[in-house]
1. Can you grab the distance from the C-alpha centre of segment 166-224 to the C-alpha centre of segment 232-307, Å, no decimals?
2. Provide the convex hull volume over Cα atoms per residue for segment 108-172, in Å³.
3. Pull up the cross-link candidates among the lysines for Lys130, meaning alpha carbon to alpha carbon under 20 Å and not fewer than 8 places away within one chain.
4. What FRET efficiency do you get for Lys126 and Asp11 if R0 is 41 Å and r is their Cβ-Cβ distance, rounded to the nearest 0.05?
5. What ranking of Val143, Val26, Val191 emerges when the number of other C-beta atoms within 10 Å of each C-beta is taken as an exposure proxy, fewest first?
6. Let me check against my output: what whole-number percent is the relative contact order of the chain, with C-alpha pairs under 8 Å and at least 6 apart?
7. Using the eigenvalues of the Cα gyration tensor, what equivalent ellipsoid semi-axes result for segment 249-340 when each is taken as the square root of five times the eigenvalue, whole Å, largest first?
8. Looking at the chain only, what percent of DSSP beta bridges run antiparallel? Nearest 5 please.
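What follows is calculated from the coordinates using simple rules that are stated; it is not laboratory data. Computed from a prediction, not measured in an experiment: that's the story for all the values here. So basically every Cβ, Gly included, is an ideal-geometry build from the backbone, and we count neighbours across all protein chains shown.
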Amino acid sequence: MDNEILLQVNDLETTFFTNDGKVPAVDHIDFHVYKGEILGIVGESGCGKSVTSLSIMGLVPSPPGKVTSGSILFEGMDLTKLPESKMRRVRGNDIAMIFQEPMTSLNPLFTIGNQIVEAILLHDKKSSKKEAKSKANEIMKLVGLPRPNELMNQYPHQLSGGMRQRVMIAMALVCNPKLLIADEPTTALDVTIQAQILKLIKELNEKLHMAMLIITHDLGVVAETCQRVIVMYAGQIIEEGFVNEIFKNPQHPYTLGLIKSVPDMRYKKETLYSIPGNVPKPGSVEIGCRFASRCQYAMERCTKETPPLYEVANSSTHKSRCFLLQEKGGLENVEHLVESQ
Ligand code: SF4
């Protein structure tokens, strides 16, 4: 990971204008991605993580959605100000995205080879068909697709889910992007294949030195792949830091709940922990902590004031949006109290 920033998101707000009024799906968030790093954005569905990635790609469905404030600087260029023609060029050359279900992005009527070759020719207009075929072969090997020559003539439905996701990654790599956004890249796959795809993502990051933004609901995926992580809840960032900081010393009760919900094979549990309650509807909590209705440590102050992102003691990289840091010196102190009762 370099210390040079590739993507800088400042005060981003993305709003959906619905019949029920304005819905701020992403509510003034700030974060950055360094060149060559893997950053995770984690949270339950409805927390704003996917809308954040669509905002970066300029793909928020409009109407009803719109980036209503802030900037998204990619190598210093504000993507929110680019006309669609230029944004299309950024999507084709600098930033690529892969989605949860590759079948929705692959054309079932064309062979795998056809689709990869087409993507190469679209990106590099000077390439001949023969050169594009040989490049397709190389990229397929790079993403671990066996027998590329044979696979080229197969259709998407003839491949397993894991192989289809490898094809999608291959197509995303065609343009040699500086940033790859992966939105729940392994959610539709079974556990063994999921581990293989996560391994591939890490290998590609190391080999190609390409920055990645992994959007997931699963902290296990973050632990496997990412260097830093942002935890989102109801449109806000509620905790951020290096992965080891977050796992060793979580400072927001919501993050702690997510950690407890990760299955741990070392312990046999009857039932897996789940955080009680549901995420509030975006915009429904105007004042106070948005997690208060689900938080076992909520204090009077929590429903009357909105917590800012506090820096955790002894770390300039670890932050948490929780009053416990100020009131009790950290989550570990109340967790200790609860356990000793
Ligand atoms: Fe819980 Fe209060 Fe912290 Fe919110 S600010 S997470 S309600 S203790």
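1. So the two Cα centres are separated by 25 Å.
2. Details: hull volume 4.8 nm³, N = 65.
For segment 108-172, the hull spanned by Cα atoms encloses 74 Å³ per residue.
3. The reachable lysines, counting only those whose Cα sits under 20 Å from Lys130, are Lys141.
4. Values: r = 41 Å, r/R0 = 0.99.
E(calc), rounded to 0.05, equals 0.50.
5. On the way: Val143 22, Val26 30, Val191 9.
Ordered from fewest to most neighbouring Cβ atoms within 10 Å, Val143, Val26, Val191 come out as Val191, Val143, Val26.
6. Working: 615 pairs, mean separation 65.3, N = 341.
Computed value for the chain: 19 percent relative contact order.
7. On the way: eigenvalues 106, 66, 32 Å².
Semi-axes from the Cα gyration tensor: 23, 18, 13 Å.
8. Working: 31 of 49 bridges.
Counting only bridges with both partners in the chain, antiparallel ones make up about 65 percent.
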